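What follows is a single structure, written as structure tokens, with notes after it.
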Amino acid sequence: MMMLRAENLHCLRDGKPVLKGLGFELAAGEVLGVLGPNGAGKSSLLLTLAGLLPLSSGALRLGDTDSFTLTPLARARRVGYLPQQPMLAWPLSVRELVGQGRFPHPADPEADTNAVDAALLRTELTTLAERDVATLSGGERARAHLARLLAGRHELLLCDEPVAALEPFHQLAFLALLQSLAREGGSSIIVVLHDLALAARWCDRVLVLAEGRAVASGAPDLVLDDELLASVFRVCGTRDANSRLLGLAPLNRQDRLRIAGE
């Protein structure tokens, strides 16, 4: 089942084009990694999908529904969004923060409590439920914001660089949780990542952007080849015996000069 279909998306941000004819599809229960250099349009894409940045033109469907026909409340029920740096304007406990994920849904105390408790359990935050979010470690705060999304029971989760500031252990734990949500719960997930090795390990497919356009899409092992790494990211890859991407290294001088001459 196709969860999301985007066709020929064009979008302006501060009067400048940031998405230029972008198109892609996302299946139900799939994790899609959005990759690209700074300024490629990754965050703008997520803002557009969340309904926070209007389209100039193009078509966007959530399941069988035209996205333009959804009210903001209906969209908030179906789509959950985690920005790069989620901010809190006032003190909240972890439980109160997670409970915000229930705001788009009709009031139902029992359903709300069950959803919040399940999200806290899934993110291993039950024992921290009454703690002030401001007192948590970086990894704990990241899990708390993810728990807010889980409590919303959304069909589509949009996560913008959620592991950028986390240590390796918490990066792996966070992405493993996203993958399990897709596998077990059926949520479709779009996650913006800068670490290409993490994307290769945890994403079913990747969408590579450059200057607001899609330059490649598909399985990570096929898309993240040496030519794309060099031309888009200006690096080369180190790989295991099965050619899976393990890490990155700078291009040698000859390759840098070749690319500069293109």
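The combined condition, being of a type in the set (A, V, I, L, M, F, W, C), buried (at least 16 other Cβ atoms within 10 Å of the Cβ) and assigned by TED's automatic domain parsing to the domain that holds residue 145, is not fulfilled by residue 52. Quick check on the range 106-113. Is at least one of its residues within 24 Å of residue 50 (Cβ to Cβ) and in contact (Cβ under 8 Å) with a residue 40 or more places away in the chain? Looking for residues that are within 24 Å of residue 50 (Cβ to Cβ) and in contact (Cβ under 8 Å) with a residue 40 or more places away in the chain, one finds none in the range 106-113, hence no. In contact with a Cys (Cβ under 7 Å, 6 or more places away or on another chain) and either over 27 Å from residue 218 (Cβ atoms) or assigned to a loop (DSSP other than H, G, I, E, B) (or both): is that true of residue 19 in this structure? Spelling it out, it is not the case that residue 19 is in contact with a Cys (Cβ under 7 Å, 6 or more places away or on another chain) and either over 27 Å from residue 218 (Cβ atoms) or assigned to a loop (DSSP other than H, G, I, E, B) (or both).
Restricted to strands (runs of 3 or more DSSP E) entirely inside the range 152-239, those with at least 2 residues that are at pLDDT 95 or above, among the β-branched types (Val, Ile, Thr) and crowded, with 16+ Cβ neighbours inside 10 Å are 188-192, 205-210. The residue that is farthest from the chain's Cα centre (by Cα), counting only those in the range 99-132 that are within 24 Å of residue 193 (Cβ to Cβ) and not acidic (Asp, Glu), is 125. Evaluation of residue 30 against the conditions (1) under 13 Å from residue 214 (Cβ atoms); (2) under 16 Å from the mean Cα position of the chain (by Cα); (3) of a type in the set (Asp, Glu) shows that the sole unmet condition is (1).
The values are calculated or read from the model by the stated rules, or taken from the named source; none is laboratory data. Fair warning: this is a prediction, and the values are worked out from it, not measured in the lab. Using ideal geometry, Cβ is built from the backbone for each residue, glycine included, and neighbour counts are taken over all protein chains shown.
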